[in-house]
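Chemist: Shown below is the structure under consideration.
The values are calculated or read from the model by the stated rules, or taken from the named source; none is laboratory data. Quick caveat: nothing in here was measured; it's all calculated off a predicted structure. When we count neighbours, we look across all protein chains shown, and the Cβ atoms used for this are built from the backbone with ideal geometry, even at glycine. The area values use the complete protein model at the heavy-atom level, side chains included, leaving out ligands, DNA and RNA. Shrake-Rupley method; radii C 1.70, N 1.55, O 1.52, S 1.80 Å.
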Amino acid sequence: MRPETEAELAEIIRTSRATLSPIGGGTRLRPGEGVAPLDVSGLSGITLYEPAALTVVARAGTPLAELQAALAAEGQMLAFEPDEREGSTIGGVVAANASGARRVQVGACRDALLGVRFVDGQGEVIANGGRVMKNVTGYDLVKLMAGSRGQLGVLTEVALKTAPKPPVTATLAVPGTATDAVAVLTQALTGPYDISGAAWLPGQGALVRIEGLEGSVAIRSKALAEKLGAEVTQADWATVPRAASGDLWRIICRPSEAPRLLAALPQPIAMDWGGALIWVALPAGETPNLPAWSGHASRVTGDAPLTIPAPNPVVSRLNASLRERFDPRAIFASDGTCRQTSRLSS
Amino acid sequence: MQMPAPDQGVIARRAAIAARLAHAVPGAVIDDPMETRAYECDALSAYRCPPLAVVLPRTTEEVAAILRICHDERVPVVPRGAGTSLAGGSMPTADAVVVGLARMNAVLETDLADRFIRVQAGRTNLSVSGAVEGAGFFYAPDPSSQLACAIGGNIGMNSGGAHCLKYGVTTNNLLGVTVVLMDGSVVELGGPMGEAPGLDLLGVICGSEGQLGIVTEATLRILPKPVGARPVLVGFDASETAGACVAAIIRAGVLPVAIEFMDRPCIRATEEFAGAGYPDCEALLIIEVEGSPPEIDEQLALIRGIADGFAPVEFRESRSEDESRRIWLGRKSAFGAMGQINDYMCLDGTIPVSTLPQVLAGIARLSGEYGLDVANVFHAGDGNMHPLILYNANTPGDLERCEALGAEILKLCVQVGGCLTGEHGVGVEKRELMLTQFSQADLEAQMQVKDVFDPQWLLNAAKVFPLAVSAPRREGLRNAA
Ligand SMILES: Cc1cc2nc3c(=O)[nH]c(=O)nc-3n(C[C@H](O)[C@H](O)[C@H](O)COP(=O)(O)OP(=O)(O)OC[C@H]3O[C@@H](n4cnc5c(N)ncnc54)[C@H](O)[C@@H]3O)c2cc1C
């Protein structure tokens, strides 16, 4: 099924008796077993773009690449950093709250999301938020939809903040292990350097990104490079997690907890957000044995979603009740795991 | 403004309810009508109603005990921080217990390496920054009421501030909360980077106006202080020109931390009040940039280059701490100045910045039609407008006329693609206008969320949603009880 309009989509959902699995580009969320894929790529196109207001509105099936090209033509970019996967749609990015390195500076996808339109499990079209930067009118269902993985409704349109593309970028690199990197990244993030990325990649070490006007980047990167003993490069990098084999795990922690967790894990695929995000591949079916910490770990590929530690029962009940309210017939089947596409494993 | 009739059954049981509360949280209950008067309103002081009782707990456990009792007795509850809401968000009803967090103001944990602070939710906004200032950090959201307002209230309203153009509003700086649900259960939401598995419940709590639970603790992101900041003041001979200049600055890729706008009526009033030495012109912008001195110079040179294209009547760059203070002085005393000459009502709509000239013209027209002066002061970078309608509370009919004009201006904001409230919240003030921005289905989806968190609709229930829209839930549940 591939509706071309929001009304068609609503009609399909309203009259459907089968379980549906909304699919954007099919790069992130995989359809559950034995359910009908609901292809939303027909709902495509930018509906409004005002560079001077730093806002763009696009239908959910708009390819991410198309959106980024339109913004680049005006010297802009999305205000958050989506992790780039070939074929992604903007709706899929939002439904997964997929947020890359820039999160340490400007926040996640949910922080750049200004408004949504979606169709709930009853086929009702719902709007929340809007297209303006500041909006506290009613409850913030925009946040609820970001990262909801198709569980509450099918996104049809999203409004996002854009940002000027920084004219100059510098990367500071300090070789070392992921554990070494935590202290380096913390030093960078606790000083007045306005860092736009603080990550670690195997073979490259700690990577700190500084962006902005030419003079400003020169001043900040010089000062920080001296402090860290880092080399300044123009190297471009991104932390796209790919598991060559096995299951991909995503671990959220306080940076100061990262060394303890790293000691209990194989070498990670990547570390991001100053050490608050660790991507690691584990043998299929294996659950990491981690010391108690304040975050959580989730398996994002594999047969079924799995999170440790298990969420608090009241929180689970709130999650389940919200799902039931928005989708009382349990039409939406997304199980919330990522599809392990060929691109991911390449 | 209407409020639903209070539950007489609850009012009749006042003494018994107060006694039960006092037994559970000794020394924390106020039920003497002389003393509960102190809680009869918030900063929307035109509307007042003393509550049934007030409880001032000290811990999360005490809040849980209070809510368990109120849940059991089916007593409505109104959470309260400092009571500075401009929307009537913390205004009580006669059958409600106010749960005030003023005594819960401790810092629980400070972690500079991981860049967060955990505080009790009654702590004032400014004193959060105060607690980490010495170490070179700050908490970014800075509402003008920051000396008084509490973090719990900021979370309730998802409050903003002058610097949110760069740093975002409360929700973008909130990493976690401990919240007590109406049935007394205690949950922690969020986590490192604000992330928890499952749906973003933290994101829904923020801005829910005390209707989903009582926040007792908050983990807030703190940031290293920039090396310095410097404002410039730019005057123009037309509001439209100032608006066009803002658009050009943003378009050019410079992102100041703040861009504030004031029009002539506002400039005149603040000059008389504060004598900040502002030029006498149609409109002025205060633009602030941050960084080390050479970084500031670089940004200001760019801004000057852009502003010059709009023939400013004045371009005043601060050369010292004292000059910076004087540039901000007028803006910061704008509300006080208005209060000096008149009663005023402060609106809070947001508009797409591109529609600024159109909206300013519309406000001028409406102001003429209603015969009430309007002064404009607002956060221009993000389109959050604060038109101040001047009226005289002692003139019969003036308040009603002022409210009617306010409603027309907010409808105009919605018409051009904006919203009813950018940072003050809906409360009781904008409740009845919600259907101009949302459909019935949109509101139904929001009310479903309340159904999940507070199935009996006991928490701050007569706010946010138009009374007729929420009535089946509020009344149906009461009748079923
Ligand atoms: C002079 C002045 C200037 C202002 N400037 C700004 C500004 O620049 N930006 C801005 O955004 N606002 C501004 N405000 C509005 C107001 O200060 C904010 O809305 C503030 O966040 C309210 O905080 P409070 O502690 O006073 O909350 P209250 O008024 O006590 O409560 C506000 C809302 O939050 C709920 N609430 C309070 N505590 C809790 C809790 N612990 N858990 C759950 N819900 C809770 C209440 O029920 C109510 O709905 C201003 C107000 C004044 C009077």
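Chemist: Just to confirm my numbers, what's the Cα centroid distance between region B:432-462 and region B:367-381 in Å?
Modeler: Cα centroid of region B:432-462 versus Cα centroid of region B:367-381: 30 Å apart.
Chemist: OK, next. Evaluate the relative contact order of region B:107-224 (contact order divided by residue number), counting alpha-carbon pairs under 8 angstrom at least 6 apart; express in whole percent.
Modeler: Computed value for region B:107-224: 31 percent relative contact order.
Chemist: Still on this structure, please answer the following. Would you mind giving the total buried accessible surface between chains A and B, with a 1.4 Å probe and ligands, DNA and RNA left out, rounded to the nearest 100 Å²? Walk me through the numbers before you get to the answer.
Modeler: Values: alone 15570 and 19630 Å², together 28890 Å².
What A and B bury together is about 6300 Å².
Chemist: Right, here's the next one. Say each of B:A301 and A:E74 gets a label point 7 Å from the Cα, pointing the same way as Cα to Cβ; how far apart are those two points in nm?
Modeler: 2.8 nm
Chemist: What's the FRET efficiency of B:S292 with B:D237 using the Cβ-Cβ distance as r and R₀ = 22 Å, to the nearest 0.05?
Modeler: Details: r = 34 Å, r/R0 = 1.56.
Calculated transfer efficiency: 0.05.
Chemist: Hey, another quick one. Can you check what the net charge comes to around B:A87, using other residues whose Cβ is under 14 Å from the Cβ of B:A87 (Lys, Arg +1; Asp, Glu -1)?
Modeler: Cβ neighbours under 14 Å give a net charge of -3.
Chemist: Something else now. Pairs of Cα atoms under 8 Å, at least six residues apart: use those to get the relative contact order of chain A, whole percent.
Modeler: Relative contact order of chain A: 18 percent.
Chemist: Follow-up question, since we're still on this one. Could you run the Karplus curve 6.51 cos²θ - 1.76 cosθ + 1.60 with θ = phi - 60° over region A:232-238 and give me ³J(HN,Hα) per residue in whole Hz, x for Gly and Pro?
Modeler: So the J values, rounded to whole Hz, are 9, 10, 9, 3, 9, 8, 8.
Chemist: Rounded, prolate or oblate: which fits chain A when a ≥ b ≥ c are the square roots of the eigenvalues of the alpha-carbon gyration tensor, with rounded for a/c under 1.5 and prolate only if a/b beats b/c?
Modeler: Cα axes put chain A in the oblate bin.
Chemist: Expressed in whole Å with the largest first, what are the equivalent ellipsoid semi-axes of the protein assembly as shown derived from the C-alpha gyration tensor as the square root of 5 times each eigenvalue? Write out the running numbers ahead of the final one.
Modeler: Details: eigenvalues 294, 241, 144 Å².
The three semi-axes for the protein assembly as shown are 38, 35, 27 Å.
Chemist: Suppose R0 equals 41 Å. What FRET efficiency, 1/(1 + (r/R0)^6) with r the Cβ-Cβ distance, do A:E84 and B:A361 give to the nearest 0.05?
Modeler: Numbers: r = 43 Å, r/R0 = 1.05.
Taking R0 as 41 Å, the efficiency between A:E84 and B:A361 is 0.40.
Chemist: Excluding same-chain residues fewer than 8 positions from A:K222, which aspartates and glutamates have a Cα within less than 16 Å of its Cα?
Modeler: Straight-distance partners of A:K222: A:D194, A:E211, A:E214, A:E231, B:E295.
Chemist: Another question, then. Excluding ligands and nucleic acids, what accessible area in Å² is computed for A:I23 using a 1.4 Å probe, to the nearest 10?
Modeler: 30 Å²
Chemist: Taking square-rooted eigenvalues a ≥ b ≥ c of the alpha carbon gyration tensor, is region A:6-164 rounded, prolate or oblate, where a/c under 1.5 means rounded and, failing that, a/b exceeding b/c means prolate?
Modeler: Prolate.
Chemist: Name the residues whose placed amide hydrogens come within less than 5 Å of the amide hydrogen of B:F116, ignoring near sequence neighbours (fewer than 5 apart) on the same chain.
Modeler: Answer set, sorted by chain and number: B:D111, B:I222.
Chemist: Compute the length gained on full extension between B:D308 and B:S45: take 0.36 nm times their separation in residues and subtract their Cα-Cα distance, giving the result in nm to one decimal.
Modeler: Details: separation 263, 0.36 × 263 = 94.68 nm, distance 4.37 nm.
Taking 0.36 nm per residue and subtracting the Cα distance, the gain is 90.3 nm.
Chemist: Mind putting a number on the dipole of region A:6-164 about its Cα centre? Charges go on the C-beta only, +1 for Lys and Arg and -1 for Asp and Glu, and I need it in Debye to the nearest 20. Write out the running numbers ahead of the final one.
Modeler: On the way: 15 positive and 17 negative charges, 82 e Å.
In debye, rounded to 20, region A:6-164 gives about 400.
Chemist: Which ³J(HN,Hα) values, rounded to whole Hz and listed in residue order, are derived for region A:245-253 from phi using the Karplus coefficients 6.51, -1.76 and 1.60 in 6.51 cos²θ - 1.76 cosθ + 1.60 with θ = phi - 60°, glycine and proline given as x?
Modeler: Each residue of region A:245-253 in turn: 7, x, 9, 8, 10, 10, 10, 9, 8 Hz.
Chemist: May I have the pair-distance distribution P(r) for region B:377-481, computed from all Cα-Cα distances with 10 Å bins from 0 and rounded to whole percent?
Modeler: 13, 38, 29, 17, 3
Chemist: Looking at region A:130-161, which residues lose a minimum of 30 Å² of accessible area between their chain alone and all protein chains in place, measuring with a 1.4 Å probe and not counting ligands or nucleic acids?
Modeler: Residues passing the criterion (a loss of at least 30 Å², heavy atoms only) are A:R131, A:V132, A:M133, A:K134, A:V136, A:T137, A:G138, A:Y139, A:D140, A:L141, A:K143, A:L144.
Chemist: Which residues does the label zone of B:T59 cover in region B:17-43, counting backbone N under 15 Å from a point 7 Å along Cα→Cβ?
Modeler: Those under the cut-off are B:24-28.
Chemist: Using θ = phi - 60° and the Karplus curve 6.51 cos²θ - 1.76 cosθ + 1.60, what whole-Hz ³J(HN,Hα) does each residue of region B:324-337 get, with Gly and Pro shown as x?
Modeler: 4, 4, 5, 5, 7, 3, x, 4, 6, 9, 4, 5, x, 5
Chemist: Keeping all protein chains in place, calculate the accessible area per residue for region B:229-335 (probe 1.4 angstrom), answer in Å². Walk me through the numbers before you get to the answer.
Modeler: On the way: 4040 Å² over 107 residues.
Result: 38 Å² of accessible area for each residue.
Chemist: Considering the zone a paramagnetic label at B:T395 would reach in this model (a point 7 Å from Cα along the Cα-to-Cβ line), which residues of region B:327-352 have amide N under 18 Å from it?
Modeler: What the label zone holds, given the 18 Å backbone N cut-off, is B:338-346.
Chemist: Multiply the residue gap between B:E73 and B:D322 by 0.36 nm, knock off their C-alpha separation, and tell me the result in nm, one decimal place.
Modeler: 83.9 nm is the gain from fully extending B:E73 to B:D322.
Chemist: For region A:168-233, state what percent of all Cα-Cα pairs lands in each successive 5 Å bin, counting from 0 Å until the bin that includes the largest distance.
Modeler: 4, 21, 34, 25, 12, 4, 1
Chemist: Quick one: if the Förster radius is 56 Å, what FRET efficiency do A:S316 and A:A223 give, using the C-beta to C-beta distance and rounding to 0.05?
Modeler: That pair, A:S316 with A:A223, gives E of 0.75.
Chemist: Counting only residues 5 or more places away or on other chains, whose amide H sits under 5 Å from the amide H of A:V168 once H atoms are built in the peptide plane?
Modeler: Placed amide hydrogens put A:G212 under 5 Å from A:V168.
Chemist: Could you give the dipole magnitude of the protein assembly as shown about its Cα centre, charging the beta-carbon of Lys and Arg +1 and that of Asp and Glu -1, in debye to the nearest 20? Let's see the in-between values first.
Modeler: On the way: 69 positive and 91 negative charges, 287 e Å.
In debye, rounded to 20, the protein assembly as shown gives about 1380.
Chemist: Treating only the Cα positions of region B:107-224 as identical point scatterers, give the base-10 log of I(q)/I(0) from the Debye formula at each q in 0.09 Å⁻¹.
Modeler: Taking Cα atoms of region B:107-224 as identical point scatterers yields -0.20.
Chemist: Report, by chain and number, residues whose modeled amide H sits under 5 Å from the one on A:A284, excluding near sequence neighbours (fewer than 5 apart, same chain).
Modeler: For A:A284, whose amide H was placed from the backbone, the distant partners under 5 Å are A:G246, A:D247.
Chemist: Gain in length, B:L147 to B:T110, computed as 0.36 nm per residue apart minus the alpha-carbon separation, to one decimal in nm?
Modeler: 11.3 nm
Chemist: Further question: Can you give the accessible area per residue of chain A, in Å², using a 1.4 Å probe?
Modeler: Roughly 36 Å² per residue, with all protein chains present.
Chemist: Give the lysines reachable from B:K430 as a straight Cα distance under 19 Å; neighbours fewer than 8 places away on the same chain don't count.
Modeler: A:K134, B:K411, B:K450, B:K463
Chemist: When the Cα centres of region B:7-59 and region B:65-82 are compared, how far apart do they sit, in Å?
Modeler: Taking the Cα centre of region B:65-82 as reference, the centre of region B:7-59 is 10 Å away.
Chemist: Could you compute the net charge surrounding B:A337? Neighbours are other residues with a C-beta less than 14 Å from the C-beta of B:A337; K and R count +1, D and E count -1.
Modeler: Net charge in that neighbourhood comes out at -1.
Chemist: Here is a further query. So, counting K/R as plus one and D/E as minus one, what does the shell of residues with Cβ under 14 Å around A:E81 add up to?
Modeler: Spelling it out: positives minus negatives among the neighbours equals +1.
Chemist: While we're looking at this one, here's another question. At a cut-off of 10 Å², which residues of region B:113-137 become less accessible once all protein chains are present than in their chain alone, using a 1.4 Å probe?
Modeler: Flagged in region B:113-137: B:A113, B:D114, B:R115, B:F116, B:F137.
Chemist: Then there is this: Quickly estimate the mean residue ellipticity at 222 nm for chain B, helices only: each DSSP H run with n ≥ 4 gives -39500 (n - 2.57), and the total goes over all residues, rounded to 500.
Modeler: -11500 deg cm²/dmol
Chemist: So for region B:292-421, averaging the separation of alpha carbon pairs under 8 Å that are six or more residues apart and normalising by length, what relative contact order in percent results?
Modeler: 26 percent
Chemist: Using the alpha-carbon centroid of each, what span in Å lies between region A:153-192 and region B:225-280?
Modeler: Answer, in whole Å: 31.
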